[in-house]
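Since the structure comes first, as structure tokens, the remarks are kept for the end.
The values are calculated or read from the model by the stated rules, or taken from the named source; none is laboratory data. Keep in mind it's a predicted model, so treat the numbers as computed, not measured. Neighbour counts are summed over all protein chains in view; Cβ atoms, including those assigned to glycine, are modelled from backbone coordinates with ideal geometry. Ligands, DNA and RNA are excluded from the accessible area calculation, which covers all protein heavy atoms including side chains. Shrake-Rupley method; radii C 1.70, N 1.55, O 1.52, S 1.80 Å.
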Amino acid sequence: MALYREFETPEQLDAQYNLTAQTPNFPQVAAGWDPRSADTRQRLGGRLDVPYGPTLAETVDILPGVAGPAAAGSGAAESGAAGPSTAAGLRPAVLFVHGGYWMRTSSKQWSYLADGLAPHGITTVVENYALCPEVTVTEIVRQHRATFAYLWRNAAELGVDRDNIVLAGHSAGGHAVAALLGTDWPGQYGLPAQPFRAAVAISGIYDLRPLPYTYLAPYLQLTASEAAALSPQLRLPAQLPPTLAAVGADEPSELRRQSRDWARACRANGLPVELRELPGDHFSVLESLADPDGALARAVVGFLGG
């Protein structure tokens, strides 16, 4: 009997969802995140570990957008562009939610992604959150929502134009983007129904139902009912801002299917979701966000009217 779709054994599912094992050079890739991100923080400055909630894990790092020659070598810098237009003295921003299957990495490994956005004048806000198994995935989703509510309410003090915030996330962070898009912002937080300009979900997990049958089970401790309740694929929102669902062409077929099925379901319900397959595997696909001229960085700039 199948566990999920056509998969009959945990080993078959692990072959699709164990993404580090499916990336031959993963140790080398992961080893580069810390030094690369430390270099980005040193160059851009900004504010680190700004609390949005009561626990030590609930913080954001704010890496400012820069104008013109501050980022030599990029197309934006060479043209002297100040980035997308926004309110006086404030910058458009991307709220980035990192991946790691809800159990690995922190905001500090992902600072380098700001290198693709800062030259366009876009501030990058990288969320940190508590990890499984210390907390549940349900609690992590609550922290994502608390992050956005904090950013929106305190945007001016943080140098951010709250009317020009793009959501972005990778892997488990792609799930976070979909969860944020499906939040009842007026009813639960007193925010506008559409408090973001656009969204970019990268290599996301939109149907969590296979995960209790994988190697992740002891860490995530998801019940079948919780996995279903947390699956954006099964709970499409009534409205969305312009949204891009991106996935790497070299990712496992299940990851590509997850993005494809979510985007198709959204479009079938009249929701503006574009599906784009980009070069790269599950991790290298992020290079197009870290590069000022990359497809994902340019998509963000386009969403912001730049």
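Using the Karplus relation 6.51 cos²θ - 1.76 cosθ + 1.60 with θ = phi - 60°, the per-residue 3J(HN,Hα) values for the stretch 99-108 come to x, x, 6, 6, 9, 9, 6, 9, 4, 5 Hz, with x marking Gly and Pro. Can you give the % of DSSP beta bridges in the chain that are antiparallel, to the nearest 5? Among the beta bridges of the chain, antiparallel pairing accounts for roughly 25 percent. Helical runs (DSSP H, four residues minimum) scored at -39500 (n - 2.57) apiece and divided by the length of the chain put the mean residue ellipticity at 222 nm at -9500 deg cm²/dmol. Peptide packing for 2-11, 287-296, 202-211, 40-49 was compared via the average number of neighbouring C-beta atoms within 10 Å per residue; ordered from the highest value, the list is 202-211, 287-296, 40-49, 2-11.
Once the Cα atoms are used to define both axes, helix 172-181 deviates from the longest principal axis of the chain by about 80 degrees. The label-point distance for residue 224 and residue 18, in a model that sets each label 7 Å from Cα toward Cβ, rounds to 2.4 nm.
Taking label points 7 Å from Cα along the Cα-to-Cβ direction, residue 189 and residue 55 give a separation of 1.8 nm. Size descriptors for the stretch 97-139: radius of gyration and Dmax over Cα atoms are 12.5, 38 Å.
Taking amide H as placed 1.01 Å from N in the peptide plane, the amide H of residue 3 sits under 5 Å from that of 8, 9, each at least 5 places away or on another chain. Oblate is the label for the stretch 167-305. Its Cα gyration tensor axes, ordered a ≥ b ≥ c, give a/c of at least 1.5 and b/c at or above a/b.
Here the chain is assigned +1 on the Cβ of each Lys and Arg and -1 on the Cβ of each Asp and Glu. Its dipole about the Cα centre then comes out at about 640 debye. Want the number for residue 30 to residue 284: 0.36 nm per residue separation, take away the alpha-carbon distance, what's left? Extra length from residue 30 to residue 284 when fully extended: 90.4 nm.
Could you tell me what fraction of 2.2 N^0.38 Å the Cα radius of gyration of the stretch 87-210 comes to, as a two-decimal ratio?
1.02
Using only Cα atoms, locate the centre of the stretch 236-305 and the centre of the stretch 146-219, then give the distance between them in Å, rounded to an integer. With the stretch 236-305 and the stretch 146-219 each reduced to a Cα centre, they are spaced 14 Å. If you wrap the tightest convex hull around every Cα atom of the chain and split its volume per residue, you get 123 Å³.
Let me have the relative contact order for the chain, percent, based on Cα pairs under 8 Å that are six or more residues apart.
Here the relative contact order equals 19 percent.
The residues of the chain expose, per residue, 39 Å² of accessible area to a 1.4 Å probe. Computed over the stretch 150-212, the percent of Cα pairs more than 18 Å apart is 43.
Placing unit charges on the Cβ atoms of the charged side chains and taking the dipole of the chain about its Cα centre, the candidate lying farthest along the positive direction among 154, 181, 118 is 154. Net charge dipole, the stretch 130-200: roughly 80 debye, given to the nearest 20, about the Cα centre with Cβ charges of +1 for Lys and Arg and -1 for Asp and Glu. Please determine, in degrees from 0 to 90 and to the nearest 10, the orientation of helix 137-153 with respect to the longest principal axis defined by the Cα atoms of the chain, where the helix direction is its Cα long axis. Approximately 20 degrees, to the nearest 10. Modelled spin labels at residue 38 and residue 215, positioned 7 Å past Cα toward Cβ, are 2.8 nm from each other.
Quick one: pull the percent of accessible area on the chain belonging to carbon and sulfur, 1.4 Å probe, ligands and nucleic acids left out.
Values: 6240 of 11850 Å².
That share works out to 53 percent.
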